[in-house]
Amino acid sequence: MRKRNHLQITTSLPGPKARRLIKKDNKFISKSHAKEYPLVVKRAKGAIVEDVDGNKFLDFTSGVAVCGTGHCHPEVVSVITKQAKELLHMTGADFYNPLQIQLAEKLSNISPGPKPKRTFFGNSGTEAVEAAFKLSRYHTKRHMVIAFLNSFHGRSMGALSLTASKVTQRKRFHPLIPGVIHVPYAYCYRCYYGLKRENCDLYCVKWIKEELFKTLVAPEEIAAIFVEPIQGEGGYIVPPREFHEEIYKLTKEYDILYVSDEVQAGMGRTGKMFASTHFGIKPDIITVAKGIASGMPLSATIAHEKIMDWERGTHASTFGGNPVSCAAALTTIKLLEGGLIDNAARTGKYLIKRLSELQNTYEIIGDVRGLGLMIGIELVKNRETKERAVKERDALIQGNFKRGLLLLECGRSVIRFIPPLNINKEQIDTALAIFEETLSESEKKKL
């Protein structure tokens, strides 16, 4: 038995109940899901997750950046319960929904850029991106779009056409939606052009204007540039502020829409309500999901009323903007504005500082990067060659799971740290003690 603060591992992992359920899962559930480790969850509260065998874990995944207010926040649970007793569903596609209207007004008020804004509600991040993709074509009457290598925008057909983070996500699904061009992102730790940030003159942006627009596609044919403020599934890549500034200038020069995909980075995750604010950008369209409703299915595509100008019947969703989800979202935003965003900024700085200290001790940590509580560490076999430590990364995630710490991978050799936004310093210290213990053991095995 292992015990540490509120954590306890009392069985081998997976435990007996978990093994029985996993066996059934393998029989009845689609195997397309990429499950990280054999965790079968029974309940969760705050940052603590309990499995079906009574083992308790410290969650630094937040349900993949979804439970920003922590698992089962009492205020969120209360409004969900209250709303469920009044109205579970009456589609916003055909009828009016007071909570949907209230939430759309709130999103108009808090999102960056000129007002008023309109919102299209869906159920997931990929639906938000699909809506943005369709809207960008509809509004501009142009058919081409630009996205970035290493990007992740979703798995439905339109969103998948924008996605370029893992080949397995696209393999055997071609032909995808035509008219999407992928270009290099500002991944300065691994510059696609082999340049250094101090003298690159943001060649990754200049290349679009000076090469792409003169050899492959006219800028007047581009409807939108889809960009993540911080690349998520591609490796938690934080670009220089100037990268977004120059991309934004490019869109304004050619009347191209700047679409900020904040499905993972938005809703307070980076220490600001919207991640694009860190870079001084006022996007034409913003997509959010994950952290917007503390675990309830909801997404939003937000744009100025002059851009969201599609006509009646053009696009709709039966379940999007469900009243229970909208009630959860309104309370989530209240909690974010009430201190969780500030906590994310404050504790995020502390977590990055502590991880940077580990980087000074352990050669395998090649890079530490992030904003707020959206933090990634890139693991390498050699700091000079930057050869990716993929197997080592995977082993570390498994090792931490066995010790009671839940982490997730992203990119090709990155571990992400995305705890709930109400995480405290004591919990961070506990997580890093477990992580360093696992890391130290891994290093000793090499000797």
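Where a number appears in this text, it was derived from the coordinates with a stated rule and is not lab data. Nothing here was measured: the structure is a model prediction, and the numbers come from that model. Cβ atoms come from the backbone with ideal geometry, glycine included; neighbour counts cover every protein chain shown.
Dividing the mean sequence gap of close Cα pairs (under 8 Å, 6+ apart) by how many residues the chain holds gives a relative contact order of 21 percent.
In a shell of Cβ-Cβ distance under 13 Å around Ser161, excluding Ser161 itself, what net charge do Lys and Arg (+1) and Asp and Glu (-1) give? Here the count lands on +3.
Taking a ≥ b ≥ c as the square roots of the eigenvalues of the alpha-carbon gyration tensor, the stretch 161-307 is classed rounded because a/c is under 1.5.
Beta bridges per DSSP, both residues in the chain: antiparallel share near 70 percent.
In terms of surrounding Cβ atoms within a 10 Å radius of their Cβ, Cys204, Cys188 rank from fewest to most as Cys188, Cys204. When Lys and Arg each count +1 and Asp and Glu each count -1, what net charge do the other residues less than 14 Å away from Pro239, Cβ to Cβ, add up to? It works out to a net charge of -2. Once you list every other residue whose beta carbon is under 13 Å from the beta carbon of Val380, what net charge do they have if Lys and Arg are +1 and Asp and Glu are -1? Taking every other residue near Val380 into account, the sum is +2. Once you reduce the stretch 74-90 and the stretch 1-64 to the center of their Cα atoms, the two points are 27 Å from each other. Is the C-alpha gyration tensor of the stretch 75-336 telling us rounded, prolate or oblate? Criteria: a/c under 1.5 is rounded; beyond that, a/b larger than b/c is prolate, otherwise oblate. It is prolate, given that a/c is not under 1.5 and a/b is the larger ratio. When the Cα positions of Leu21, Leu87, Phe417 are compared along the charge dipole of the chain, Leu21 comes out farthest toward the positive end, with charges on each C-beta of Lys, Arg, Asp and Glu. Contact order for the stretch 75-336, expressed relative to its length and based on alpha carbon pairs under 8 Å spaced 6+ residues apart, stands at 30 percent. Find how many whole Å separate the alpha carbon centroid of the stretch 112-149 from the alpha carbon centroid of the stretch 153-203. The stretch 153-203 and the stretch 112-149 have Cα centres spaced 18 Å from each other.
Panel order for Tyr350, Tyr248, by other beta carbons found within 10 Å of each beta carbon, from fewest to most: Tyr350, Tyr248.
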